[in-house]
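Novice: Just dropping this structure here.
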Amino acid sequence: MYRKNVRLLSIFNFLIGFTFFAPLAIIYFAKVSGSYTLGTSIFGVIMLSAAIFEVPTGILSDKVGRRYTMILGSCARVVAFIFYAIGLSYWFLVIGAIMEGMSRAFYSGNNEAFLYDTLADNGKEGEYKEHLGKTSAHEFNGLTLSAVIGGLIANVSFAYVMWLAVLSQIIMLIVSFQFVEPRSRHKEDTNIYAHLREAFTLFLTNKKLRLLSLSSILANSFDELAYQFRGAFYNTIWPIWAIGFANIVSNVTASAGFYFSGKILRKMKSETAKLLQSVFDKFINIISLVFPTILSPVLMSSTSFLYGVGVVAENELRQREYANNQRATMNSLISLGRSIGAALMTLVLGKTADVFGPRRALLMMVFMAFSVTYIYWIIYRNAKKSLA
């Protein structure tokens with residue numbers, strides 16, 4: 001049974017990434033809504049929706065089972081993409097964004113728990129990390145392949161791209177019905193409000209965790225949002241059919257970064273790796289944006305290798321600071337902060353792009369993200385002092 005579920009989960013994750021329009025989303029949203037401000041606000045709606053639905057969907061997962069939760073998430077995703085594809089107005093996009101946020105909430109924690117429970121049924125919990133890495137990597141494969149196809153088709157018609165995305169998600173829904181519900185039920189505490197006093201006490205007493213949490217929230221508000229917005233800048237340099245090729249570089253190098261992160265972090269401290277990643281990312285982005293050329297999209301995509309290493313390094317640093325009974329609470333609280341921060345910044349980024357253009361808007365985000373680099377420098381400096 002576990003082999004069937006693992007195989008299906010790999011296909012399922014591939015189809016999550018196989019959406020065709022991911023690198024072009026901001027271009028499509030801005031085209032339908034009429035401005036970058038409204039276009040970027042769709043990303044904010046997705047994030048806020050995911051945060052709001054996180055608690056009830058987490059409870060539902062424990063009540064009705066992992067398989068049915070994945071089916072419900074897939075249904076919500078199909079509905080979301082149908083509204084995106086219809087795209088008659090901004091409000092169709094908003095409804096789609098709410099449904100996509102709900103879908104993400106259904107998947108959040110549940111899909112990992114499904115894999116863990118599946119392996120637990122066969123006494124293979126020790127292989128969880130290996131299987132999680134392998135099944136998760138297929139989402140990058142889906143993103144890579146669909147980015148190229150989507151870019152080429154969008155050059156003919158955006159409508160074709162969006163309805164192909166609907167078709168791929170319908171196939172994903174069909175796949176979700178093939179899963180076998182595991183007998184084990186590994187419960188996760190997904191209630192982000194249940195232990196707030198405990199979480200705030202930890203924030204107050206652990207300076208390093210405060211810095212790591214703040215850096216994670218700010219990085220998502222600036223860096224991650226800017227990444228989603230890159231397509232608008234790329235479209236000022238490259239034709240729309242070529243944008244997907246920049247995402248190939250990004251997805252392939254990110255996948256490699258995740259794959260080799262373990263080896264790299266055995267030779268380099270996580271504090272050092274995270275600081276270097278942040279500095280290199282800002283350096284490359286400033287050069288690419290201040291001196292825009294035909295190579296700028298390739299240069300900006302090349303930072304993804306260190307991004308993969310940096311994500312693992314940051315996660316490892318935070319996990320060190322948690323007590324076992326605080327992990328779920330702290331992760332949920334940080335996730336909520338990341339969602340709210342990014343949602344607020346969507347309005348700032350979109351309005352700036354409408355007034356000054358995508359390039360200057362992205363440059364603004366890069367300079368604001370230096371606050372994150374400064375926090376990582378403090379963490380690095382404190383780590384060196386503790387060893388002295």
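The values are calculated or read from the model by the stated rules, or taken from the named source; none is laboratory data. The structure displayed is predicted, hence computed values, not measured ones. Using ideal geometry, Cβ is built from the backbone for each residue, glycine included, and neighbour counts are taken over all protein chains shown.
Novice: What is the one condition in (1) aromatic (Phe, Trp, Tyr); (2) touching a residue at least 40 places away in the same chain (Cβ under 8 Å); (3) surrounded by fewer than 21 Cβ atoms within 10 Å (Cβ to Cβ) that Phe233 does not satisfy?
Specialist: (3)
Novice: Could I ask something else about it? Test Phe233 against the stated conditions and say whether it is modelled with pLDDT of 80 or more, assigned to a helix (DSSP H, G or I) and closer than 23 Å to Trp377 by Cα.
Specialist: Working: modelled with pLDDT of 80 or more: yes; assigned to a helix (DSSP H, G or I): yes; closer than 23 Å to Trp377 by Cα: no.
Criteria not met by Phe233.
Novice: Considering every residue within region 46-57, establish whether at least one is at pLDDT below 90 and small (Gly, Ala, Ser).
Specialist: Yes, region 46-57 contains a residue that is at pLDDT below 90 and small (Gly, Ala, Ser).
Novice: Sticking with this structure for a sec: Restricting attention to region 275-316, report how many residues are more than 18 Å from the chain's Cα centre (by Cα), touching a residue at least 24 places away in the same chain (Cβ under 8 Å) and either farther than 25 Å from Gly231 by Cα or part of a helix (DSSP H, G or I) (or both).
Specialist: Qualifying residue count, region 275-316: 12.
Novice: Next question, about the same structure. Find the residue count for region 331-349, including only residues that are farther than 23 Å from Ser136 by Cα and either at pLDDT below 75 or touching a Pro at 6+ places or on another chain (Cβ under 8 Å) (or both). Full working, then the answer.
Specialist: As a first pass, look at region 331-349 and keep what is farther than 23 Å from Ser136 by Cα: 333, 337, 340-349.
Pick out the ones that are also either at pLDDT below 75 or touching a Pro at 6+ places or on another chain (Cβ under 8 Å) (or both) and you get 333.
Of the residues in that region, 1 qualify.
Novice: Can you tell me which of Gly87, Gly126 is more than 27 Å from Pro56 (Cβ to Cβ), over 16 Å from the mean Cα position of the chain (by Cα) and at pLDDT below 90?
Specialist: Numbers: Gly87 fails: at pLDDT below 90.
Result: Gly126 is the single residue among Gly87, Gly126 that is more than 27 Å from Pro56 (Cβ to Cβ), over 16 Å from the mean Cα position of the chain (by Cα) and at pLDDT below 90.
Novice: Hey, another quick one. Among the residues of region 107-115, are any under 22 Å from the mean Cα position of the chain (by Cα), under 22 Å from Leu336 (Cα atoms) and at pLDDT 85 or above? Break it down into steps so the answer makes sense when it comes.
Specialist: Step one: of region 107-115, the residues under 22 Å from the mean Cα position of the chain (by Cα) are 107-115.
Now restrict to residues that are under 22 Å from Leu336 (Cα atoms): 107-113.
Applying the additional criterion that residues be at pLDDT 85 or above yields 107.
Yes.
Novice: Hey, can you tell me all the residues within region 236-273 that are assigned to a helix (DSSP H, G or I), among the hydrophobic types (A, V, I, L, M, F, W, C) and either in contact with a Lys or Arg (Cβ under 9 Å, 6 or more places away or on another chain) or over 30 Å from Trp377 (Cβ atoms) (or both)? It would help to see each step written out before you state the result.
Specialist: Taking region 236-273 as the starting set, the residues that turn out to be assigned to a helix (DSSP H, G or I) are 240-267, 270-273.
Retained after the next criterion (residues that are among the hydrophobic types (A, V, I, L, M, F, W, C)): 240-243, 245-246, 248-249, 252, 254, 256, 258, 260, 264-265, 273.
The answer is Ile240, Trp241, Ala242, Ile243, Phe245, Ala246, Ile248.
Novice: I'd like to check something: does region 33-50 contain any residue that is free of Cβ contacts under 8 Å to residues at least 12 places away in the same chain and either surrounded by fewer than 19 Cβ atoms within 10 Å (Cβ to Cβ) or in the same structural domain as Ala97 (by TED's automatic domain parsing) (or both)? Give the steps one after another, and end with the answer.
Specialist: First, pick out the residues of region 33-50 that are free of Cβ contacts under 8 Å to residues at least 12 places away in the same chain: none.
Checked against the condition, which is being free of Cβ contacts under 8 Å to residues at least 12 places away in the same chain and either surrounded by fewer than 19 Cβ atoms within 10 Å (Cβ to Cβ) or in the same structural domain as Ala97 (by TED's automatic domain parsing) (or both), region 33-50 yields no hits at all.
Novice: Sticking with this structure for a sec: Check region 62-70 and report whether any residue there is hydroxyl-bearing (Ser, Thr, Tyr) and more than 26 Å from Ala343 (Cα to Cα).
Specialist: So far as region 62-70 goes, yes, one or more of its residues are hydroxyl-bearing (Ser, Thr, Tyr) and more than 26 Å from Ala343 (Cα to Cα).
Novice: Which one is farthest from the chain's Cα centre (by Cα) among residues in region 143-163 that are among the small types (Gly, Ala, Ser) and surrounded by fewer than 20 Cβ atoms within 10 Å (Cβ to Cβ)? Explain how you work it out, then say what you get.
Specialist: Of region 143-163, the ones among the small types (Gly, Ala, Ser) are 146-147, 150-151, 154, 157, 159.
Within this subset, residues satisfying the condition of being surrounded by fewer than 20 Cβ atoms within 10 Å (Cβ to Cβ) are 157, 159.
Numbers: Ser157: 27, Ala159: 25 Å.
Top of the filtered list is Ser157.
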